1. Would you mind calculating the relative contact order of chain B from Cα pairs under 8 angstrom and at least 6 residues apart, reporting the percent as a whole number?
2. In whole Å, what is the distance between the alpha-carbon centres of segment A:196-265 and segment B:15-65?
3. Go ahead and estimate [θ] at 222 nm for chain A from helices alone: -39,500 (n - 2.57) per DSSP H run with n ≥ 4, summed, over the residue count, rounded to 500.
4. Can you tell me how much longer the chain between A:Ile219 and A:Leu61 gets when fully stretched, taken as 0.36 nm per residue apart minus their C-alpha distance, in nm with one decimal?
5. Kindly state, to the nearest 0.05, the FRET efficiency for A:Arg94 paired with B:Leu121, given R0 = 41 Å and r defined as their beta-carbon distance.
6. For chain B, which DSSP H helices look membrane-span-like by this rule: Cα extent along the axis of 27 Å or more and mean Kyte-Doolittle of at least -0.5?
7. Restricting to Cα pairs below 8 Å that are 6+ residues apart, what does the relative contact order work out to for chain A? Please round to a whole percent.
8. From zero outward in steps of 20 Å, how is the percent of C-alpha pairs of the protein assembly as shown spread across the bins?
Amino acid sequence: MVGWLAQLFNGISLGSILLMISLGLAFSFGLMKVINMAHGEFIMVGAYVTYVFQNTFADMLGGVDLGIWFILSLFAAFIITGILGVILEVGLIRFLYGRPLDTLLATFGVALVLQQAARSIFGAPNVQVVSPSWLSGGVNIGIMVLPYKRLFIIALVIVLVALIYVYLNRTAAGRRLRAVMQNREMAAALGVRSRQVDALTFGVGAGLAGVAGCVLTLIGPIGPTLGTNYIVDAFMVVVLGGTGSLLGTILAAMMIGIFSSVIEFSTTATIAKALVFVMIVAFLQWRPTGLVTQRAR
Amino acid sequence: MTSQKNPFRTFLTDWGPFIIWGVILLLAPMVLSEFRLNLLGKFLTFAIVAIGLDLIWGYGGMLSLGQGLFFGMGAYFFAMYLKLESGGGRLPDFMVWSGMKELPSIWQPFASPVFAIMMVLIGPMVIAAILGFFVFRSRIQGVYFSIITQALTLIVSISLIGQQPYTGGTNGITNLSTIFGHSLADPQTQVALYLSTVIILGIIYILARLLTRSRFGRLLVATRDDEARVRFLGYSPVTIKTTTFAISAVCAGIGGALFVPQVGIISPAALDVVPSIMMVIWVAVGGRATLVGAVVGALLVNAGQSAVSEQFPNIWQYFLGALFIGAVLLFPQGVVGSYRMAFARWRARGHSADAPEVEESPVAGSGRLAQEVVE
């Protein structure tokens, strides 16, 4: 029983990380149908933003342990990668709408450039970001210890999902976004600047990837190829969840997270990965459009 | 157009360039140094992979990011044979290091070269057929297919690393020293391997060309352009697509098997995310849906890579990134496609009286490239 509870917590924790890395992709891939292979590199950029913040601002802001720099870096990562995303959309993606496979190749080219840029600036070896002291340790609930870092990630992802929900459903910008994604011509005819919305949407997706990168520094060392480790997982989450649906992405991330850790509990990590993959393909046999399908147009 | 003309002349214009390039490649060992020849041989194995990928992507419109898996399967299966032969009946070194006492039963049949070669052909074919059947049956298309093939490749790569005692783990299978009783270090063996690669590439090219010109090839292109219509006409797109996927997988497997003895090592890195996408760029640079383009692209990109990265290892990746973007944005036709378009325009201007049919590829110049819309 205790073992199962521990696995459930691990599953939710893994699911929250998966959701973290997939939220941005749910925008660029899910909503805009751009196969953004540079998504992983946006995550990497966010991680390095955190690293730079630690090195430059931590001493000014009360030291590494206090962690004000870390909180600030969450916002900075969002803004910097967001701007990067807008630049990419305006400079490249814009010309490739309706050609999903070509966006895959072009953004992979961008990914290579970003990787090499990180290598030139920060060097090829991995670097470590020291977490704020209040994130070390954990809360003891009697049967097991829940690490603060994991709880922080779960909390942060809940906050992000809430913010995205409010943004999409309760703001004018979000309404415009949904309008453009559902019926571009009609929205444009009614005066929505669809180009601007495209750039903004892609930027938000990139910014969310940046936040994910920031969070990943809590889990382990970071390097120029950080993104490639996560990109396939992120795509699997969005594909399983069904594109264009935030709810689907959340469900899919949690399902994959919990399944993986439960299977991992009784077998090995590689077998778990393989089984989860088989299950996803099998599931797509049954529902090719994913968990939650949105009916548009 | 062929009926009125001299059939020999038609044959010559049709196959002439192929024959000339075939002869040049066959004579290359007389000119090139051992090192360069080995490099060229390696690139030619990539060209075999590229032809397979061109069939499925260029002609079939399905972007497989799993060719690295089939390449790896071919390479691993053949490397298993080479490893056993090199060891001369002893247990492979990495198994000794991981504390294995005797050869695992899945390794035992690979002592036979015939079995290994059969597996190189059958293994990728079966995996591709099974995956393809299930994926295409549920009408998973476009990018979903790409993502699923990519994920499968990554999982196999992770499994290879995880099963150290059986696969050699991260290092892969190394220290391959002999093939069919000949030393791999012997220059003559390498020349023989090179020549076999050229010949096999030639055969595969001819077969692929015949295939694309056949009824099946036209159905494949039709499925790419309008799958629903092909289905309504009574054909089975699932069969067409699955068959093509299996054929492309076999090409990749053969490429892998020829790659291993020339390079002497295979590791799970070949099944990572990046190599499979690299294979796509070979085809994109050369020109989709032009078989020559696949070969040209594989040779150009790899030659460029070794030329640039030998001197400026840091710049190469920027260059490669730019190549991906440029190939999509500026030259969607690729080198061969652009050349053919320019050539066709030039001829149309020059001999407008009897404007000849230049078009060989069903898409080059037609504007419609291998793109599909999601959903």
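Bear in mind these aren't lab numbers, they're just calculated from the coordinates by the rules spelled out. It should be emphasised that the depicted structure is a prediction, and the values quoted were computed from it without experimental measurement. Glycine also receives a Cβ, built like all others from the backbone with ideal geometry; neighbour counts cover every protein chain displayed.
1. Numbers: 547 pairs, mean separation 113.5, N = 375.
30 percent.
2. Cα centroid of segment A:196-265 versus Cα centroid of segment B:15-65: 38 Å apart.
3. On the way: 12 runs with 210 residues, N = 297.
Value at 222 nm, helices only, nearest 500: -24000 deg cm²/dmol.
4. Numbers: separation 158, 0.36 × 158 = 56.88 nm, distance 2.27 nm.
Fully extending the segment from A:Ile219 to A:Leu61 adds 54.6 nm.
5. Working: r = 45 Å, r/R0 = 1.09.
Once rounded, the FRET efficiency stands at 0.40.
6. On the way: long enough: B:7-31 (34 Å, 1.30); B:34-53 (29 Å, 1.36); B:67-87 (29 Å, 0.67); B:113-137 (35 Å, 2.25); B:142-162 (31 Å, 1.79); B:187-213 (39 Å, 1.25); B:237-263 (38 Å, 1.26); B:291-311 (31 Å, 1.09).
Sorted by number, the helices that extend far enough and score high enough are B:7-31, B:34-53, B:67-87, B:113-137, B:142-162, B:187-213, B:237-263, B:291-311.
7. Details: 471 pairs, mean separation 111.5, N = 297.
Here the relative contact order equals 38 percent.
8. With a bin width of 20 Å, the distribution comes to 17, 49, 29, 4, 0.
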